[in-house]
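Following: one structure in structure tokens, then a few remarks.
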Amino acid sequence: MATQLDIGERIALLVLWTGASVVGQYIYYNLRVGGFMISSLFRGVVAVIVLAVIWGIVGGIIGILQRLILRQAGLAIKRWADWTAVGWALGGAANGIMIGLGMGIQNYLLNEAVLGFAIGVAQWVRLRKYVRHAGWWIIANSVGMLINLPIAGFILGLQTGVITGLVLIGLISHPVQLAEAKTQNEGVVPS
């Protein structure tokens with residue numbers, strides 16, 4: 001496991017992570033409106049399930065991109081894409097419930113913070129087996145999504161990528177001991 005990244009590796013990781021976040025957010029925002037429109041055709045539980053499925057698919061795509069970047073940084077986190085999809089699906093379901101309760105899509109900041117929290121918790125389930133202090137990941141995702149606003153009308157995900165990327169770089173420098181990871185039957189990429 002890569003425990004110490006040099007400055008070039010840190011910059012490369014931050015750029016790649018932020019780029020993946022921008023791509024993922026672009027996909028998310030384009031499907032978000034359609035997801036809300038489709039879910040508005042249904043009521044109650046069905047509407048929540050529709051949002052969960054659409055956002056889960058988006059999360060799976062983002063999780064695959066992130067897993068490739070994590071592997072490049074020396075972290076071969078098994079099932080990262082799966083848990084990322086779960087977090088996005090739970091966030092979509094929570095947003096559907098909030099809308100059903102009359103909180104509305106117009107409560108953008110709350111919707112984003114809830115989504116970020118759900119993603120952060122789901123990814124934390126995997127990340128905590130590889131790095132110490134992984135709880136910061138939940139906070140980074142919540143804050144990153146909370147301030148995820150369009151810059152110049154088109155660059156989405158930039159803030160989220162930078163915030164979570166910086167936290168990820170810090171977390172990588174505090175890995176769980178190799179022996180601990182092996183006892184959990186998890187794979188690590190040799191440095």
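For (1) in contact with a Gly (Cβ under 6 Å, 6 or more places away or on another chain); (2) under 20 Å from Thr160 (Cα atoms); (3) at pLDDT 90 or above, each residue gets a yes or a no:
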position: Ser40; (1), (2), (3): no, no, no
position: Val48; (1), (2), (3): yes, no, no
position: Gln66; (1), (2), (3): no, yes, yes
position: Ile69; (1), (2), (3): no, yes, yes
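Of all the numbered requirements in (1) in contact with a Leu (Cβ under 6 Å, 6 or more places away or on another chain); (2) buried (at least 22 other Cβ atoms within 10 Å of the Cβ); (3) modelled with pLDDT under 95, Ala118 misses one, and that requirement is (3).
Here is a yes/no grid of residues against (1) buried (at least 22 other Cβ atoms within 10 Å of the Cβ); (2) closer than 17 Å to Gly157 by Cβ:
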position	(1), (2)
Leu68	no, yes
Gln72	no, no
Asp82	no, no
Gly96	yes, no
Ile99	no, no
Gly102	no, no
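Exactly one residue among Val143, Val162, Val167 is closer than 24 Å to Ala12 by Cα, in contact with a Ser or Thr (Cβ under 7 Å, 6 or more places away or on another chain) and either modelled with pLDDT under 90 or not charged (D, E, K, R) (or both), and that residue is Val162.
For beta carbons closer than 9 Å, sequence separation of 6+ or different chains, a first residue in region 118-137 that is under 21 Å from Asn95 (Cα atoms) and a second that is at pLDDT 95 or above and among the hydroxyl-bearing types (Ser, Thr, Tyr), the qualifying pairs are Ile119/Thr84; Ala122/Thr84; Gln123/Thr84. A single member of Gly60, Gly102 is within 25 Å of Gly44 (Cα to Cα) and in a helix (DSSP H, G or I), and it is Gly60.
The values are calculated or read from the model by the stated rules, or taken from the named source; none is laboratory data. Remember, predicted model here, so these are calculated numbers, not experimental data. Heads up, the Cβs are rebuilt from the backbone with ideal geometry, glycines too, and the neighbour counts pull from every protein chain shown.
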